[in-house]
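J.: Dropping the structure in here first, questions after.
Every read-out reported here was derived from the displayed coordinates using simple, explicitly stated rules and does not represent laboratory data. Bear in mind that the values here come from a model prediction, so they are computed numbers and not experimental data. For neighbour counting, all protein chains shown are included, and Cβ atoms are generated from backbone atoms with ideal geometry for every residue, glycine included.
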Amino acid sequence: MTRDFKTFFDIYVRPSPGACIDRESYEFRYAAAALLVACSKADFDEDPEEEKAIIEILKDTFKVSTSTLESLLQMADAASEEDNLVEVTDMVNEYCSETDKCFLLENLWRVAYADGRLDRYEELFIQRIASMIQLTEDDVSRARETWNLE
């Protein structure tokens, strides 16, 4: 599966060299969906409230149409597998601005808090993703404050 994913990713998702992607691009939406789904799986309990938050983020924040949503979530589910996250985070790290990376982080916290509690595995996942996309602990803290319910 990993090799198939990498081939798909390289052909259909990875931007061309030197490109820059932003919140309006399908590549950014794909990366966001993959990371949001992976965050919801981090605590080994895919809560319906987290799934609802992911759908709201994709529809309201990223303006993903209802007709596109299901296929995007299916692709994101495959991309959210541990072996595939490196491809996604490498793309985010290489092609996204720091502002957009922080925006992704804020939405990861939104998913983590969607069920009304923060699991330590979700927190560790977000910290790891932040590190992989070269954000600082201060960035993590600022993004967390946006959705912290505690």
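J.: Rank-order 104-115, 129-140 by packing density, defined as the average count of other C-beta atoms within 10 Å over each peptide's residues, highest first.
T.: Numbers: 104-115: 22.3, 129-140: 16.4.
Answer by packing, highest mean first, reads 104-115, 129-140.
J.: From the backbone phi of region 115-132, what are the Karplus-calculated ³J(HN,Hα) couplings (6.51 cos²θ - 1.76 cosθ + 1.60, θ = phi - 60°) in whole Hz, Gly and Pro given as x?
T.: 8, x, 8, 10, 7, 5, 5, 5, 4, 4, 4, 5, 4, 5, 4, 4, 5, 5
J.: How much length is gained if the chain between LEU69 and ASP90 is pulled fully straight, taking 0.36 nm per residue apart and subtracting their Cα-Cα distance, in nm to one decimal?
T.: 5.2 nm
J.: Defining a contact as two alpha carbons under 8 Å apart and six or more residues distant in sequence, what relative contact order in percent does region 24-147 show?
T.: 34 percent
J.: Which ³J(HN,Hα) values in Hz, rounded to whole numbers, follow from the phi angles of region 86-98 under the Karplus curve 6.51 cos²θ - 1.76 cosθ + 1.60, where θ = phi - 60° and Gly and Pro get x?
T.: Rounded to whole hertz, the list is 4, 4, 5, 5, 4, 5, 4, 4, 7, 10, 10, 6, 4.
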